[in-house]
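Asks: What follows is a structure written as structure tokens; I'll ask about it next.
What follows is calculated from the coordinates using simple rules that are stated; it is not laboratory data. These numbers were taken from a predicted model, which means no experiment stands behind them. Note that we place each Cβ from the backbone using ideal geometry, even for glycine, and neighbour counts take in every protein chain shown.
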Amino acid sequence: MDLPNHWSELDTEQKDLVNRYIWVLLAHQDPLPLIEKPNREVVDRRIEGGVSYQFERVKCGKKNCHKCPHGPYWYAYFRKNGKVVSKYIGKDLPSSYVTDGGSSILPVT
Ligand SMILES: [Zn+2]
């Protein structure tokens with residue numbers, strides 16, 4: 001395999017791959033802690049690559065809500081520019097998110 005000598009010689013797909021790889025490497029060095037929030041109950045959790053997936057029951061805090069707690073729903077937590085950010089996934093966690101080490105959900109910078 002011929003490796004390019006310079007970043008500018010990489011095509012978009014190769015750059016994308018390198019970015020994802022760096023993300024996963026960085027994330028592995030410093031695993032995310034359990035993220036607990038008021039009005040949320042974490043009922044399940046999976047950590048893959050740079051992503052922490054939490055299955056959470058949510059209390060919306062609205063008066064007269066008879067559906068509380070809501071969910072549970074999956075949320076992905078990961079670091080972006082040093083900050084922990086979250087992304088709503090939904091009621092199901094697609095297995096592809098987990099098997100690729102979280103790279104399908106990590107932002108490409
Ligand atoms: Zn509610």
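Asks: Given a cut-off of 20 Å, name the pairs among K37/K62; K59/K83; K63/K91; K63/K83; K15/K87 whose C-alpha atoms lie farther apart than that in the structure shown. Show your work: numbers first, answer last.
Replies: Working: K37/K62 17 Å; K59/K83 24 Å; K63/K91 24 Å; K63/K83 32 Å; K15/K87 23 Å.
Violating the 20 Å limit, Cα to Cα: K59/K83; K63/K91; K63/K83; K15/K87.
Asks: A follow-up question, please. Direction-averaged shadow area of the convex hull around the Cα atoms of the chain, nm²? List each step's numbers first, then the result.
Replies: Values: hull surface 34.6 nm².
The directionally averaged projection comes out at 8.6 nm².
Asks: Given only helices, namely DSSP H runs of n ≥ 4 each adding -39500 (n - 2.57), what is the per-residue ellipticity at 222 nm of the chain, to the nearest 500 deg cm²/dmol?
Replies: On the way: 2 runs with 23 residues, N = 109.
Helix-only estimate at 222 nm: -6500 deg cm²/dmol.
Asks: So, one more: Distance from the Cα centre of region 70-109 to that of region 1-25, in angstrom?
Replies: Value for the Cα centre distance between the two parts: 22 Å.
Asks: Tilt of helix 12-29 relative to the longest C-alpha principal axis of the chain, in degrees (0 to 90, nearest 10)?
Replies: Value to nearest ten degrees: 60.
Asks: Here is a further query. Express the relative contact order of the chain as a whole percentage, based on alpha carbon pairs under 8 Å and six or more residues apart in sequence.
Replies: Values: 159 pairs, mean separation 25.6, N = 109.
Computed over the chain, the figure is 23 percent.
Asks: Say R0 is 25 Å: what FRET efficiency, to the nearest 0.05, do K87 and K59 get from their beta-carbon distance? Show your work: numbers first, answer last.
Replies: Values: r = 20 Å, r/R0 = 0.81.
That gives a FRET efficiency of 0.80.
Asks: Suppose every K and R has +1 on its Cβ and every D and E has -1 on its Cβ; what is the size of the dipole of region 7-99 about the Cα centre, in Debye to the nearest 20? Walk me through the numbers before you get to the answer.
Replies: Numbers: 16 positive and 11 negative charges, 165 e Å.
Approximately 800 debye in magnitude.
Asks: Cα gyration tensor of region 51-109, axes a ≥ b ≥ c as square roots of the eigenvalues: rounded (a/c below 1.5), prolate (a/b > b/c) or oblate?
Replies: Numbers: a/c = 3.82, a/b = 1.83, b/c = 2.08.
Because a/c hits 1.5 or more and a/b fails to exceed b/c, region 51-109 counts as oblate.
Asks: Could I ask something else about it? Using the charge dipole of region 7-99 (Lys, Arg: +1 at Cβ; Asp, Glu: -1 at Cβ; taken about the Cα centre), state which of H70, V42, N19 has its Cα farthest towards the positive end.
Replies: Farthest towards the positive end: H70.
Asks: Here's a follow-up. Give a residue-ordered list of calculated ³J(HN,Hα) values for region 95-101 (Karplus: 6.51 cos²θ - 1.76 cosθ + 1.60, θ = phi - 60°; whole Hz; x for Gly, Pro).
Replies: Whole-Hz 3J(HN,Hα) from phi for region 95-101: 5, 5, 4, 7, 6, 8, x.
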